[in-house]
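Down below is the structure, laid out as structure tokens.
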Amino acid sequence: VGAVAEGAQLSLVDSSIRGSWPSEDGLNGFGVYALAGGELSAERCELSDNTGAGIWLQNVGTTVSLIGSDILDTGTSINQQNGYGLIAWDGAEASVEGCRIAGNITGGITVSDTGTVVTLRDTTVIETLTSRDGEQGWGVCVVEGATLRAESCDLVGNSHFGLVVQDDGTEVAFLDSTIRDTVPALFGQWGFGVDVHSGARLALDGCVLSHN
């Protein structure tokens, strides 16, 4: 792991975290790991070529503020299918503004669990690749009762789904945003701009969905 904020404050400005490797069991290797009420702020930073997740945040009270930063090309390890750009769960909160999330594996941004809240503004999630087994992929995925609000964002050229919203209690709003050029799975399935199911709620206002 490149950096850990565990019940503590971590501030990064004009910094890079690159090439973090997993542990001996083949897990983790995150660019930044925030948990147990940790607070991360990152401005004009680049997290690239890390393993498992560019930023992994979990637990109630954990917060992340990401401004003008890039999360790029997160890879997998021998024991991991995924190389998420950013994953938030178990009640964590994140604010992402003016960022580029590109070339990650399975999920550009993944948000899970009741109480987890993510806000996106002026952010691009682009060219997320399929999982290593070829069965999953999305630009943004919100599940298990989580909440996400996005404004002036672009989801472009992601695998399988541009946006996935599922499960009772999950609520997502996209305003003045674009979801386009979603690519099918390796076996020619999917390629959906938006997939909403299992009791979730999605509101789109002033959005464009094209060439999915």
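The values are calculated or read from the model by the stated rules, or taken from the named source; none is laboratory data. The structure displayed is predicted, hence computed values, not measured ones. So basically every Cβ, Gly included, is an ideal-geometry build from the backbone, and we count neighbours across all protein chains shown. The area values use the complete protein model at the heavy-atom level, side chains included, leaving out ligands, DNA and RNA. Shrake-Rupley method; radii C 1.70, N 1.55, O 1.52, S 1.80 Å.
Report the Rg/Rh value for the stretch 47-134, based on alpha-carbon coordinates and the Kirkwood definition of Rh. Walk me through the numbers on the way to the answer.
Details: Rg = 12.2 Å, Rh = 12.7 Å.
For the stretch 47-134, the value is 0.96.
Give me the one-decimal Kirkwood hydrodynamic radius in Å for the stretch 128-191, with the sum taken over alpha-carbon pairs. Show your work: numbers first, answer last.
Values: mean 1/r = 0.0820 Å⁻¹.
12.2 Å is the Kirkwood radius here.
Along Cα→Cβ, 7 Å out, is where each label goes; now give me the distance between the ones at residue 43 and residue 197 in nm to one decimal.
4.3
Ordering 126, 179 from largest to smallest accessible area (1.4 angstrom probe), what's the sequence?
Working: 126 45, 179 5 Å².
Greatest to least solvent exposure: 126, 179.
Could you give me the ³J(HN,Hα) list for the stretch 99-115, computed from phi with Karplus coefficients 6.51, -1.76, 1.60 and θ = phi - 60°, whole Hz, x at Gly and Pro?
10, 10, 10, 9, x, 8, 10, 6, x, x, 10, 10, 10, 9, 5, 4, x
Looking only at Cα atoms, what is the convex hull volume of the chain per residue, in Å³? Please list the in-between numbers first.
Values: hull volume 19.2 nm³, N = 212.
Per residue, the Cα convex hull of the chain comes to 90 Å³.
Roughly how many Å is it from the Cα centre of the stretch 129-208 to that of the stretch 82-113, as a whole number?
12
Among the GluC sites (Glu not before Pro) within the stretch 1-80, which fall in a DSSP loop and have no more than 10 other Cβ atoms within 10 Å of their own Cβ?
Working: sites: 6, 24, 39, 43, 46; in loops: 24.
For GluC sites (Glu not before Pro) across the stretch 1-80 that sit outside H, G, I, E and B with at most 10 neighbouring Cβ atoms in 10 Å, the list reads 24.
May I ask you to give the average projected area over all directions of the convex hull of the Cα atoms of the stretch 84-184, in nm² rounded to one decimal? Intermediate results must be reported in sequence, preceding the final value.
On the way: hull surface 21.6 nm².
Reported value for the Cα convex hull: 5.4 nm².
Please list the non-local residues whose amide H lies under 5 Å from the amide H of residue 163, H modeled 1.01 Å from N, same-chain partners needing a gap of 5 or more.
Counting only residues 5 or more places away or on other chains, the set is 139, 140, 194, 195.
From largest accessible area down, sort 120, 10; use a 1.4 Å probe on the protein chains.
Values: 120 5, 10 40 Å².
I get 10, 120, largest accessible area first.
To the nearest 20 debye, what charge dipole does the chain have about its Cα centre, counting +1 at the Cβ of each Lys and Arg and -1 at the Cβ of each Asp and Glu? Let's see the in-between values first.
Working: 8 positive and 28 negative charges, 49 e Å.
Computed charge dipole of the chain: roughly 240 debye.
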